Amino acid sequence: MKFSFRKSFKIGVVAFAAILIFSCENNTQALKEINRFNDDPVGIAYDVRMVYSDSALVKAILTAPVHLDFSHLSFKYSEFPEGLKVVFLDKDNQENQVVADYGILYNQTKIVDLQGNVELLSHDGSKLATDQMYWDSEKEWLFTQEPFTFENQDYNLAATRLDTNKEFTKFQTGKLYGTIAVKEEQDSLKVNEKL
C-alpha cells in the first residue's frame, strides 16, 4: 500500500470541514447567548440622580427609580421604565419640572421621548398635560402629535398637536379649543363725531 499525500490531504480537509459543520451546529445556542447581550442593558442603576450643568451652573436635575443603559448598541439610548422627573433651573434659579411614567433618551439625537401622564409644571403655575411628549434637548423644543391641555392664569385650552419652544413664545398647534383671557383695548382710530 502506497502512501499518497494528495489522498491524505483530501481526507484531512474533509474531516476538518465536517468538524466545522458539526461544531457550528453545536455552537448555535452559544451564539444565541452571546447575541442576547445586545438585548440586555449594559448597566442598570437604581434611585438615579443626574445633574446637568453648563459653565458651573446647574441646568437640570433628573431623578428616576430605575435607569437602563443601552450605550453598547449602535443606536445608543437610556431608558427609564419606572418613570422620571426632571427639574429645569433657569438663569434666575426658578424651577420648571417635567414628570412622566416612562422615558427614553436617544443619546445621538438628544431627543427624549416621555410617555404616560406627562406633565410640565412651570414656576409661574402653568401646566401642560399629555400622554406623550418629545423634548429636543439641544434645540430646547417640545412637540407632540397627541392631544394635550394647557392651563395658566390666562389660558385654559386643549389641542391635538403641539410644536413649541420651552418658553411657549413660539407656539404652533392643531385644532385649538378652550378659553383665553383677552384684554380689551380702546380702538385707536378716532370716530368722526359729526356723524
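Descriptive notes on the structure:
- The range 43-180: Cα Rg divided by the 2.2 N^0.38 Å rule of thumb: 1.07
- GluC sites (Glu not before Pro) restricted to the range 36-110 and DSSP loop, no more than 14 other C-beta within 10 Å: GLU82
- Extension gain, ASP154 back to VAL48 (0.36 nm per residue minus Cα-Cα distance, nm): 34.5 nm
- For the range 38-96, trypsin sites (Lys or Arg not before Pro) are listed when DSSP marks them as loop and at most 11 other Cβ atoms sit within 10 Å of their Cβ; the list is LYS91.
- Segment VAL58-GLN132, extension gain: residue separation times 0.36 nm, minus the distance between their alpha carbons: 24.0 nm
- Cα gyration tensor category, rounded, prolate or oblate, for the range 43-86 with a/c compared to 1.5: oblate
- Residue order, fewest to most beta carbons within 10 Å, for GLU151, GLU184: GLU184, GLU151
- Efficiency of FRET between LEU176 and ASP40 - r from beta-carbon atoms, R0 35 angstrom, step 0.05: 0.20
- For LEU89, LEU176, order by how many other beta-carbon atoms lie within 10 Å, fewest first: LEU176, LEU89
Read-outs throughout are calculated quantities, based only on the coordinates presented, and are distinct from any laboratory measurement. The structure presented is a predicted model; accordingly, all values stated were derived computationally and were not measured. Methodologically, a virtual Cβ is constructed for each residue, glycine included, from the backbone with ideal geometry; neighbour enumeration extends over all protein chains shown.
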